[in-house]
1. What nm value, rounded to one decimal, do you get for the distance between H352 and E127 when each label is placed 7 Å out toward the C-beta?
2. Past 25 Å, Cα to Cα, is the threshold; run K155/K198; K213/K368; K282/K312; K166/K198; K214/K371 against it and keep the listed order.
3. What is the gain in length, in nm to one decimal, between E278 and E193 on full extension, counting 0.36 nm per residue of separation less the C-alpha to C-alpha distance?
4. Between A101 and K368, take the C-beta separation as r, use R0 = 56 Å, and let me know the FRET efficiency to the nearest 0.05.
5. Only Cα pairs under 8 Å and at least 6 apart count here; give the relative contact order of segment 164-402 as a rounded whole percent.
6. Within 12 Å, Cβ to Cβ, of C129, how many net charges do the neighbouring residues add up to if Lys/Arg are +1 and Asp/Glu are -1?
7. Using the per-residue mean of other Cβ atoms lying within 10 Å as a proxy for protection, in what order, highest first, do the peptides 120-130, 297-307 fall?
8. Assuming 0.36 nm per residue, please report the length gained on full extension of the stretch E384 to V267 beyond their Cα-Cα distance.
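What follows is calculated from the coordinates using simple rules that are stated; it is not laboratory data. The shown structure was predicted, so the numbers you read here are calculated from the model rather than taken from an experiment. Counting neighbours? That spans all protein chains shown, and the Cβs are built from the backbone with ideal geometry, glycine included.
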Amino acid sequence: MTKSNHELKKSISCIDKSGYSISKRESETMSKKEEPPKTTKTKKTPQKKPPVSKTPEKKVKKEPEDWIEEILPKQRPKVAQKEDKDLSDVAVNRIPGIGPAVADKLMSAGYITLAAVAHASPIELVEHCEIGEQTAKRLITAARSQVGIGFRNAKELLKVRKELVKISTGSKALDSLLAGGIETSSLTEISGEFRTGKTQICFQLCVMTAMDKKLGGLESGVIYVDTEGTFRPERIMQICERFDAPAEEVLSRIHVGRAYNSDHQMVLVLESPKLIREKNVKLLIIDSLTSHFRAEYAGRGSLLERQQKLNKYLHQLLRLAEVYDVAVVATNQVLSKPDVLYGETTFPIGGHIVAHSCTTRIFLRKGKGDKRIARVIDSPHIPEIETVFSISAEGIIDPEDST
Ligand SMILES: Nc1ncnc2c1ncn2[C@@H]1O[C@H](COP(=O)(O)OP(=O)(O)O)[C@@H](O)[C@H]1O
Ligand SMILES: [Mg+2]
């Protein structure tokens with residue numbers, strides 16, 4: 001059923017230029033896919049354009065980016081497709097009046113869809129895409145005119161929320177604590193001391209997202225940003241055995257980027273949108289969010305700079321979650337405050353910046369043996385309650401005496 005560890009380790013060892021490691025077979029098919037359309041294609045009659053604009057565009061020739069249009073309809077989540085009448089998911093080169101060079105700059109910086117541009121600020125586009133402020137403002141206005149960006153009826157929002165995908169944690173107790181699992185379109189923080197199971201939960205979420213639907217998974221892609229060098233494909237394989245899921249298939253859907261410093265960590269996020277679209281990614285993991293920031297900006301003097309950078313990063317993550325309907329999960333270490341007399345003596349790193357940016361925060365602590373206690377410390381829809389789960393060879397499970 002499963003192949004040998006050796007064979008599988010070999011298959012995930014190929015690293016592409018963005019820093020993501022992908023299976024060799026996949027990297028070959030990817031590079032084939034990534035080739036811009038052959039010249040024969042450009043000669044074809046111009047593609048049918050969506051009714052985006054009436055302005056006489058300067059006959060934008062079929063650009064290499066148009067291949068994104070071709071993959072988008074296939075990759076779109078079905079739920080969103082049937083309801084959305086706006087053009088959120090249309091590629092940026094369809095912004096009325098945009099030139100190919102600017103479209104190229106936007107795409108290279110990760111602004112692939114109209115929604116991504118519509119939700120951006122001019123300063124941010126100037127900084128990331130090397131374009132002028134006026135151009136940035138014009139682009140944002142044009143994108144916003146195509147994308148529904150105003151108020152939405154709460155009834156409509158409820159319907160959207162009911163259709164949100166939830167990723168199971170492997171433990172029924174933990175799922176019910178999280179009202180069904182980890183939500184897409186939001187940023188979830190998992191914090192706790194060393195060995196409390198943060199990384200193990202990430203591994204479990206990888207399997208639950210990547211394995212086939214018939215086995216209870218989402219059959220979707222995962223991006224795993226590994227800042228501590230703790231990603232272990234062998235553990236993924238072990239967890240796959242629990243569900244009789246073919247490990248090779250699951251591993252091929254997980255795209256691992258090893259981040260060696262905070263800048264690299266940030267670049268990987270900017271590179272993500274393309275992979276998200278191509279591989280139908282539903283889960284983006286950052287394990288861990290703060291380790292590099294903490295190491296690089298040690299001491300009180302650099303605290304402000306660290307917090308500013310972390311703030312920017314968290315905003316990027318949150319927007320990525322919302323614009324591309326992805327569950328972003330970030331692990332975080334804790335800091336102990338020995339001077340605290342009552343209650344918790346450890347706190348997640350990053351202070352208010354992290355606290356305010358994350359949609360849901362889960363705090364883990366050790367219990368007896370393999371037991372761990374999870375508490376939701378901040379969520380817009382879940383009360384502050386606790387539950388117990390266990391870490392086993394098969395991943396995250398309910399404690400034996402709980403059923
Ligand atoms: N194969 C395994 N079988 C059972 N438990 C494991 C296995 N691998 C790791 N663990 C347990 O997971 C815990 C470490 O969790 P981890 O998620 O790596 O911690 P952290 O919170 O530091 O990321 C340890 O207590 C270890 O015993
Ligand atoms: Mg860890």
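1. 1.9
2. On the way: K155/K198 35 Å; K213/K368 34 Å; K282/K312 22 Å; K166/K198 18 Å; K214/K371 30 Å.
Over 25 Å Cα-Cα: K155/K198; K213/K368; K214/K371.
3. Working: separation 85, 0.36 × 85 = 30.60 nm, distance 3.52 nm.
Working it through step by step, the gained length comes to 27.1 nm.
4. Working: r = 61 Å, r/R0 = 1.10.
Approximately 0.35, to the nearest 0.05.
5. The normalised contact order for segment 164-402 reaches 28 percent.
6. The answer is -4.
7. Numbers: 120-130: 16.6, 297-307: 12.4.
Put in order of decreasing packing, that is 120-130, 297-307.
8. Length gained between E384 and V267: 38.7 nm.
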